[in-house]
1. Restricting attention to the stretch 83-105, does a residue exist that is in a strand (DSSP E or B), surrounded by fewer than 14 Cβ atoms within 10 Å (Cβ to Cβ) and out of contact with any helix residue (DSSP H, G or I) (no Cβ under 6 Å at 6 or more places or on another chain)?
2. Of everything in the stretch 73-82 that's surrounded by 11 or more Cβ atoms within 10 Å (Cβ to Cβ) and free of Cβ contacts under 8 Å to residues at least 60 places away in the same chain, which residue is farthest from SER114 (Cα to Cα)?
3. Of the numbered conditions (1) acidic (Asp, Glu); (2) free of Cβ contacts under 8 Å to residues at least 12 places away in the same chain; (3) part of a strand (DSSP E or B), ASP50 fails exactly one; give the number of that condition.
4. Output yes when any residue across the stretch 111-124 is assigned to a strand (DSSP E or B), closer than 19 Å to ASP64 by Cα, in contact with a Leu (Cβ under 9 Å, 6 or more places away or on another chain) and among the basic types (Lys, Arg), and no when none is.
5. Can you name every residue in the stretch 53-69 that is in a loop (DSSP other than H, G, I, E, B) and closer than 30 Å to PHE115 by Cβ?
6. Would you confirm, using the coordinates I've provided, whether PHE115 is in contact (Cβ under 8 Å) with a residue 12 or more places away in the chain, among the aromatic types (Phe, Trp, Tyr) and in contact with a helix residue (DSSP H, G or I) (Cβ under 6 Å, 6 or more places away or on another chain)?
7. Looking at (1) surrounded by 11 or more Cβ atoms within 10 Å (Cβ to Cβ); (2) among the charged types (D, E, K, R); (3) farther than 20 Å from THR132 by Cβ, which is the one condition that is false for ASP40?
8. Can you tell me which residue within the stretch 111-132, out of those that are closer than 19 Å to SER11 by Cα and among the hydrophobic types (A, V, I, L, M, F, W, C), is nearest to the chain's Cα centre (by Cα)?
Amino acid sequence: MTSTAISAQGSKFFIDTAVKGAAQPTWTQVKNVKSYSGFDGSATEIDITDLDSEAKEKRLGLMDNGSFSMDVNVNMADPGQAALKVAQKASSLESFKLQYPDGTADAFSASVKSFPIAGSTDGVITSTIALTVSGAVKPVAAGA
């Protein structure tokens, strides 16, 4: 096999549940995550065209890291999911970490925009939790 693709199986998502202002984060895993997607933003385009330009000239502005979402099987007894719900109700900016199976990780700040629930016959309660990313997404050591 020649593929260098990384399996998503084994990815872990964490929320920092340390008291605000704590020197070190307390990473609490959000359990029952089935899938995730995100960091879907883009940089703004700044028009720098002037009267000497022969065509439109542009420069990229600040990066907007967009949003992040995850599909979960809901269990409010899970400390990670409960912390997400508390953050949603508080409209607070929280710290998060997405750890990949290869040992790398990304850390970012975000607010919990929505935490809807859905249920059906012969099914479990699920949610697609939406986060709004604020600031940079930074690579960190998985154990950090």
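1. Taking the stretch 83-105 and keeping what is in a strand (DSSP E or B), we get 94-99, 104-105.
From the residues that got through so far, the ones that are surrounded by fewer than 14 Cβ atoms within 10 Å (Cβ to Cβ) too are 104.
With out of contact with any helix residue (DSSP H, G or I) (no Cβ under 6 Å at 6 or more places or on another chain) added as a condition, the list becomes 104.
Scanning the stretch 83-105 turns up at least one residue that is in a strand (DSSP E or B), surrounded by fewer than 14 Cβ atoms within 10 Å (Cβ to Cβ) and out of contact with any helix residue (DSSP H, G or I) (no Cβ under 6 Å at 6 or more places or on another chain).
2. Our first condition is that a residue be surrounded by 11 or more Cβ atoms within 10 Å (Cβ to Cβ); within the stretch 73-82, this holds for 73-76, 78-82.
Restricting the remaining residues to those that are free of Cβ contacts under 8 Å to residues at least 60 places away in the same chain gives 73-76, 78, 81-82.
Numbers: ASN73: 15, VAL74: 14, ASN75: 16, MET76: 15, ASP78: 18, GLN81: 12, ALA82: 13 Å.
This residue is ASP78.
3. Condition not satisfied by ASP50: (3).
4. Within the stretch 111-124, one or more residues are assigned to a strand (DSSP E or B), closer than 19 Å to ASP64 by Cα, in contact with a Leu (Cβ under 9 Å, 6 or more places away or on another chain) and among the basic types (Lys, Arg).
5. ASP64, ASN65, GLY66
6. Working: in contact (Cβ under 8 Å) with a residue 12 or more places away in the chain: yes; among the aromatic types (Phe, Trp, Tyr): yes; in contact with a helix residue (DSSP H, G or I) (Cβ under 6 Å, 6 or more places away or on another chain): yes.
So PHE115 fits the description; yes.
7. Condition not satisfied by ASP40: (3).
8. Step one: filter the stretch 111-132 for residues closer than 19 Å to SER11 by Cα, giving 126-131.
Within this subset, residues satisfying the condition of being among the hydrophobic types (A, V, I, L, M, F, W, C) are 129-131.
Details: ILE129: 10, ALA130: 8, LEU131: 6 Å.
Ranking the candidates gives LEU131 first.
Values in this text are rule-based calculations from the coordinates and carry no lab data. Remember, predicted model here, so these are calculated numbers, not experimental data. Cβ: placed from backbone, ideal geometry, glycine included. Neighbour counts: every protein chain shown.
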